[in-house]
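Have a look at the structure below, then the notes.
The values are calculated or read from the model by the stated rules, or taken from the named source; none is laboratory data. Since the structure is predicted, the reported quantities are computational estimates derived from the model, not experimental observations. Heads up, the Cβs are rebuilt from the backbone with ideal geometry, glycines too, and the neighbour counts pull from every protein chain shown. Remember, those area values only see protein heavy atoms, side chains included, never the ligands or the DNA or RNA. Shrake-Rupley method; radii C 1.70, N 1.55, O 1.52, S 1.80 Å.
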Amino acid sequence: MQTRLERASAFAGVLAVVLWILGLIVINSFSDKIPSSPSDAQLLTWIKGNTNSILLGGWLWMLGCLAFVWFAAVLRSRLAAAEGGSSTFANLCFGGAVVAAAFAMLTTAGDVGAAINNDSISAATAGTLHNSGDMFFVCAELAAILFLVGAAIVALRTGVLARWWAFLAILIAVVLVIGPIGWAALIFGIPIWTLGTVWFLFRGTREPMPTPAPATG
């Protein structure tokens, strides 16, 4: 039987999405805009002028990634219970989530590191750290495929999640494979699927209403 904490932990998925959104808002709305095709010197100027926003936004984003791993652990437990045996695909789902979250944290880690050391960092280093975020973003994009496909396979086999929701996961995974548009699946598809899955998990953990005892004469 699941404890109250285990049931409530499914909402870590909601927390992850909220923190991701807040992190992006802080970085993009409370800091100056980065010039188009910026030089290393322009990037360093941006970092020095927006240190607090970069640090706070990046920190919120990375905390969101940790909350996502917590959610993935809850999902893995539910998938494993339904799959049984060696839980191969439940483990695949969780492994993909951990790898995707780690790379997602690294997408902002470069700017955070540069902001921490803004007084001593060179323009070339600031540019390298900032631009490395694109590399880690692509890695997160590909790792998320395992998260979605693993969950979808278990759902289709066992019905632990709705079949149409499993097919949506597969569709998002297919988009992730397509390089030019894969970014949209990571930015929009993963958060939406996470929120929907929280609803399915919570709905599945509702306690049944007690059955009244039959009247006796």
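Pairs linking a residue in segment 147-163 that is basic (K, R) to a residue that is assigned to a helix (DSSP H, G or I) and modelled with pLDDT under 95, with Cβ atoms under 6 Å and 6 or more positions apart or on different chains, do not occur. The set of residues in segment 62-76 that are small (G, A, S) and surrounded by fewer than 18 Cβ atoms within 10 Å (Cβ to Cβ) contains only A73. Inclusion of V174 among residues that are in a helix (DSSP H, G or I), at pLDDT 95 or above and open to solvent by 50 Å² or more (accessible area, probe 1.4 Å) is warranted. Residue check: T51 meets all listed conditions (1) closer than 30 Å to S9 by Cβ; (2) touching a residue at least 40 places away in the same chain (Cβ under 8 Å); (3) open to solvent by less than 80 Å² (accessible area, probe 1.4 Å) but one, namely (1).
Of the numbered criteria (1) open to solvent by 50 Å² or more (accessible area, probe 1.4 Å); (2) out of contact with any Ser or Thr (no Cβ under 9 Å at 6 or more places or on another chain); (3) of a type outside the set (D, E), the one R7 fails is (2). Among the candidates G179, G159, G127, the residue that is over 20 Å from the mean Cα position of the chain (by Cα), modelled with pLDDT under 95 and open to solvent by 20 Å² or more (accessible area, probe 1.4 Å) is uniquely G159. For segment 23-39, a residue qualifies if it is surrounded by 16 or more Cβ atoms within 10 Å (Cβ to Cβ), under 23 Å from the mean Cα position of the chain (by Cα) and free of Cβ contacts under 8 Å to residues at least 40 places away in the same chain, and the qualifying residues are L24, V26. Given the criteria in contact with a Ser or Thr (Cβ under 7 Å, 6 or more places away or on another chain) and among the small types (G, A, S), does G84 qualify? No, not satisfied.
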